[in-house]
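As structure tokens, the structure follows; a few thoughts come after it.
The values are calculated or read from the model by the stated rules, or taken from the named source; none is laboratory data. Computed from a prediction, not measured in an experiment: that's the story for all the values here. Using ideal geometry, Cβ is built from the backbone for each residue, glycine included, and neighbour counts are taken over all protein chains shown.
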Amino acid sequence: MHWDRMAAKRTEIILWLFVLLLAAGLRLPHLARRPMHTDEAVHAIKFAALLEEGHYLYDAREYHGPALYYFTLIPACLRGQTSLAALDETTLRLVPVCFGLGLVLLPLLLRPFIGGAATLAAAFAAALSPMLVFYSRYYIQEVLLVFFAALTLICIGRYLLRPQRGWILGAGAALGVLHATKETDILILAAAALAAFMTAGPRHLPGSRLRRDILLGLAVALGVTTLMFTAGLSHPAGLLDSFRAYGGYVQRGTGQTVHIQGWSYYFRLLFWWHEPGHPWWSEIWIVPFLAAAIWSAWPSRKDRSPESILRRFMIYFTLILTILFCLLPYKTPWNALGFYYSALLLAGIGWAWLAKRSKRWHIIVLVFIGASGLLLLRQALQLNGDAECDPGNPWVYAHPGPDVARITAAVQAAAQASPEGAQMPLQVSVTGSEYWPLPWTLRALVNITWLDRLNPGRPAAPVVLISPDQEAALLQQLYETPPPGERSLYLPLWQEYTELRPGQEIRGYIRKDLYDLLEPAALRAAGEADAR
């Protein structure tokens, strides 16, 4: 019997290593290949300010919490990158990769309550989920938000079901970082509070020791989030602004006209997504396992064992959070991570329950599980490979395409030909300041003027990038405003239709004397960068 247990333990360790290696293999390769999304580029520039200036001032109106930036200091330091010009996509995206791997490992904390098989199945589902893989390679806050939300709730659950003060301290620290990550945490905490009430009921009010430990956990959370929002107490107003940000979040979520989608939007993304001329994408495999988890919890709805309480809480929490996100008009694809990760944990429970109880159909269930895993693996490879910036990918949202590489190569070729080099003046004018991610891709140039509207009265730079609606203003700036004898001829920097994002065209012009300095090979390289 002892040897059997040791063999089972070794097998489980081997399986965990396999799952972790699988997750890393899907998340780590080619991190710099996909063009930076606008949001990624904005966060990269914000992080560079922290990296170069040594502190971060929180702005509740435009940006999320500072947690992402502080964690990015670690890979930047390890890779010896100390400035914006030195940063690269790999350094930035290593942060969500690490927390994405953390989401694969987090089910281990639930093992005493859901069992080894369910824990491993949940980790396997998280490792393979194409959506989770995609956003684990995306330099935005969402994966961190989901990680610290799950860690907070798991630590609270471990404390309530097996009271040990270390768990409440861990929950407090995780809650503090969660608050310093993104304002969406308010929906997660609201769903958790309501799920806890539905699970325990009003009769289970906290005792005196529990109240003391809760206050201790909240004190830790407040301390952690204070240090992060105030930049180590140097900017006290940051903490108050972090709570004011909830008002802005509610306003965006209910009052904006952009990013508005119907209630079923997330279900279409996850379970039935198809763009004309593109493959069908779906993670609908989760539905039978999720249903099995809910079904398995129904007979024990009056059971007060820790395992049953935790399972019911997870079901209530997932359902409530899903409803909240679906009812909120403001929707972006990455918001679905909030409830989908919890659904993946439940699917692991349902997966293990089906495999254990369906003796007559045991082989069929295992074949279905294996086929689901292979289907997910195939989609994860495709959606994070050839289709990683394809509009047919359900997780691609207003994403820059390969034309960004051509724009960047053309401007860099001009700077290399210019006697001024990286100091070459560049003028970028795009209506609505929709020129992102160019501030990131052109970060090596230090003399760029960013505009949302050209000023015809000012001299033009040697290279000008504009949105098509500003072409008339550019012609006035080039050929009407300058006095005779001071006008320069400008030529197109590229001939092909070029866009920053789908439907967002941008045009480039270069002064002829600088154009004449360009080597033909450099022009060809710039013009064919996207083809390569």
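Cβ-Cβ contacts under 8 Å between residues 6 or more apart (or on different chains), taken from a first residue in segment 344-358 that is assigned by TED's automatic domain parsing to the domain that holds Ile294 to a second residue that is outside any helix (DSSP H, G or I) and modelled with pLDDT under 90, are listed as Ala352/Gly115. Each residue in segment 109-149 was checked for being in contact with an Asp or Glu (Cβ under 6 Å, 6 or more places away or on another chain), more than 27 Å from Leu375 (Cβ to Cβ) and surrounded by fewer than 23 Cβ atoms within 10 Å (Cβ to Cβ), and 1 pass. Of everything in segment 254-267 that is touching a residue at least 60 places away in the same chain (Cβ under 8 Å) and assigned to a helix (DSSP H, G or I), the residue that is nearest to Ser372 (Cα to Cα) is Tyr266. Of all residues in segment 474-498, exactly one satisfies the criterion of being part of a strand (DSSP E or B) and either small (Gly, Ala, Ser) or under 10 Å from Ala460 (Cβ atoms) (or both), namely Tyr490. Residues in segment 268-308 that are in a strand (DSSP E or B) and loosely packed, with under 15 Cβ neighbours inside 10 Å: His274, Trp280. Take the conditions surrounded by 20 or more Cβ atoms within 10 Å (Cβ to Cβ) and out of contact with any strand residue (DSSP E or B) (no Cβ under 7 Å at 6 or more places or on another chain) and apply them to Phe325. Does it pass? For Phe325, the condition - surrounded by 20 or more Cβ atoms within 10 Å (Cβ to Cβ) and out of contact with any strand residue (DSSP E or B) (no Cβ under 7 Å at 6 or more places or on another chain) - is met. Filtered by the rule that a residue be surrounded by fewer than 21 Cβ atoms within 10 Å (Cβ to Cβ) and closer than 13 Å to Asp88 by Cα, segment 35-46 gives a lone residue, Ile45. Residue pairs whose Cβ atoms lie under 7 Å apart, separated by 6 or more positions or on different chains, with the first residue in segment 471-500 and touching a residue at least 60 places away in the same chain (Cβ under 8 Å) and the second of a type in the set (Asp, Glu) and surrounded by 11 or more Cβ atoms within 10 Å (Cβ to Cβ), are Thr498/Asp403; Thr498/Glu505; Glu499/Asp403; Glu499/Glu505. Among the residues of segment 198-209, not a single one is within 23 Å of the chain's Cα centre (by Cα), surrounded by fewer than 22 Cβ atoms within 10 Å (Cβ to Cβ) and among the hydrophobic types (A, V, I, L, M, F, W, C).
Against the list (1) under 22 Å from Thr181 (Cα atoms); (2) buried (at least 21 other Cβ atoms within 10 Å of the Cβ), the condition Leu73 fails is (2).
When the residues of segment 82-96 are filtered to those that are in contact (Cβ under 8 Å) with a residue 60 or more places away in the chain and within 21 Å of Leu26 (Cβ to Cβ), which remaining residue is surrounded by the most Cβ atoms within 10 Å (Cβ to Cβ)? Spell out how you get there, then give the answer.
The first filter runs over segment 82-96 and keeps only residues in contact (Cβ under 8 Å) with a residue 60 or more places away in the chain, leaving 84-85, 87, 93-94.
If we keep only those that are within 21 Å of Leu26 (Cβ to Cβ) too, we end up with 93-94.
Details: Arg93: 25, Leu94: 22.
Applying the filter and picking the extreme gives Arg93.
Against the numbered list (1) in contact with a Pro (Cβ under 9 Å, 6 or more places away or on another chain); (2) surrounded by fewer than 23 Cβ atoms within 10 Å (Cβ to Cβ), Phe313 comes up short only at (1). Touching a residue at least 60 places away in the same chain (Cβ under 8 Å), assigned to a helix (DSSP H, G or I) and touching a Gly at 6+ places or on another chain (Cβ under 9 Å): is that true of Ala122 in this structure? So Ala122 passes the test.
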